[in-house]
Amino acid sequence: MSTDHEWAGLAGLMAITGTDTDVLPGHLRRLDEAALLAMARALGREGLFRPGVAHRWDQIADRLGVAPRHRWILRRWLAVLAEEGMLHRDAATGNVRDLRTVRRAEVAATAPAVHAACRGLGYPGAIADFFLTAADQLPRLLRDEVTVQSLLFRDDDTSAAEGAYRDNTINRYLNAAAAELLRRTPAPAARPVRVLELGAGIGGTTTTLLAALADRPVDYLFTDVSRYFLDAARQRFGDRLRYALLDINAELAEPRVPPGAADVVVAANVLHNALHIGAALTRVRRLLAPGGLLLVIESCREHYQAMTSMQFLMSPPDGAPRPGTSDIRAGTDRIFLTAEEWRAVLAEDGYRPLFDLPDPDHPLTALGQRLFVARAPGARPSSTTLA
């Protein structure tokens, strides 16, 4: 008899039928290489890196006029450029020198490779255009003269965001696997299954989950911290869903979300925004019924292309704390937990991790995004098939 792990993995693979997964890591590396060149070009434009002259990171930030809320991004750039051999970093002082010179034409020449890599990863053309526009605007993004939101949602067009969170190979796989698990999660007798989605955003995961629930009653609460996304979801999904403003960094309970109100909580690409992962998981656990199911989709590695685009979304307003500043990420400038860290924090917070996908030996693992499946403490409904 197949396990839920196997059914979910099969559903994910069926969603990407015909995809040559063996070539995906190579496409991702080409995006990383283009992003590294864009970083180096943005840092080298002010003539700071004369041969042999070393600088502290804050001197570089001041010279480039980097906005205070984005300075953590600059520090990450300097770290990865050193790791990739494009910059020398002194191990004792942290000072940097001898940045590889990158001309504008060299960055521009990466455009065909970025488009080809995005096609190979299943992204629409809009996401490649977004990556290239962000790369061109990096000095202005660093100075906060332009926001990445304005590039991602240009003219209120959501196609780039949908490409990032739904219309690509890894997210089709993960969303389909999550949908299969949700489809196989029965509700107690005489009422619908109760689903709470946190940080639902553009509804990229929502769309797939609703398709899996099309033939059964469901009480689905779509939540986000932004009214913009709630209004867009109302236009898209209508009265099939309920809607509420909810912030994962605040107490989550409100009249529509009492403690124990959810059979399933879905958190796709949102929990990395927590100021403290453990505290956020505790708040989520209070909303789950005893034995309720938690489905978490998260990136477990830094993508250099995201560091030159999407990660600007993760900079807090001036004066506000940044995600991770008070948990295991403190002092690292990291946003994303590793897979091992996710399993550990789920267990430490009282959940029972069941499994995660894709399987370790699958080529999709190299893309760094995973679905974590865990159960809250307490007796689960007797009719469920999940372990």
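For segment 229-304, give the percent of accessible area contributed by carbon and sulfur heavy atoms, probe 1.4 Å, rounded to a whole number.
Values: 1530 of 2870 Å².
Ligands and nucleic acids excluded, carbon and sulfur reach 54 percent.
Probe of 1.4 angstrom, ligands and nucleic acids ignored: what's the accessible area per residue over the chain, in square angstrom?
That works out to 42 Å² for each residue.
Using a 1.4 angstrom probe on heavy atoms only, work out the carbon and sulfur share of the accessible area of segment 28-156 in %.
Values: 2790 of 6050 Å².
Answer for segment 28-156 is 46 percent, counting heavy atoms of protein chains only.
Per the 1.4 Å probe, what fraction of the accessible area of segment 340-381, in percent, lies on carbon and sulfur atoms? Present the calculation step by step, with values, prior to reporting the outcome.
Numbers: 940 of 1770 Å².
Within segment 340-381, the accessible surface is 53 percent carbon and sulfur.
Over the Cα atoms of the chain, what is the Rg over Rh ratio if Rh follows Kirkwood?
Working: Rg = 21.5 Å, Rh = 21.9 Å.
Ratio of gyration radius to Kirkwood radius for the chain: 0.98.
Rule-of-thumb check for segment 4-121: C-alpha Rg over 2.2 N^0.38 Å? Present the calculation step by step, with values, prior to reporting the outcome.
Values: Rg = 18.8 Å, N = 118, 2.2 N^0.38 = 13.5 Å.
That works out to 1.39 for segment 4-121.
Sort out for me the Cα centre separation of segment 266-305 from segment 1-38, rounded to whole Å.
22 Å
Give me the angle, in degrees from 0 to 90, between the Cα long axis of helix 71-83 and the longest principal axis of the Cα atoms of the chain, rounded to the nearest 10.
70 degrees
If you scale each eigenvalue of the Cα gyration tensor by 5 and take the root, what three semi-axes come out for segment 296-387, rounded to whole angstrom and sorted largest first?
Square roots of five times the eigenvalues give 28, 18, 11 Å.
Where does the chain land at 222 nm, in deg cm²/dmol rounded to the nearest 500, when only DSSP H runs of n ≥ 4 count, each adding -39500 (n - 2.57), divided by all residues?
Details: 16 runs with 159 residues, N = 387.
It comes out at -12000 deg cm²/dmol, rounded to the nearest 500.
Under a point-charge model restricted to the Cβ atoms of Lys and Arg (+1) and Asp and Glu (-1), what is the dipole moment magnitude of the chain relative to its Cα centre, in debye to the nearest 20?
Working: 45 positive and 46 negative charges, 84 e Å.
It comes to approximately 400 debye.
The values are calculated or read from the model by the stated rules, or taken from the named source; none is laboratory data. Keep in mind it's a predicted model, so treat the numbers as computed, not measured. All Cβ positions, even for glycine, are placed from backbone atoms using ideal geometry, and neighbour counts span all protein chains on display. Ligands, DNA and RNA are excluded from the accessible area calculation, which covers all protein heavy atoms including side chains. Shrake-Rupley method; radii C 1.70, N 1.55, O 1.52, S 1.80 Å.
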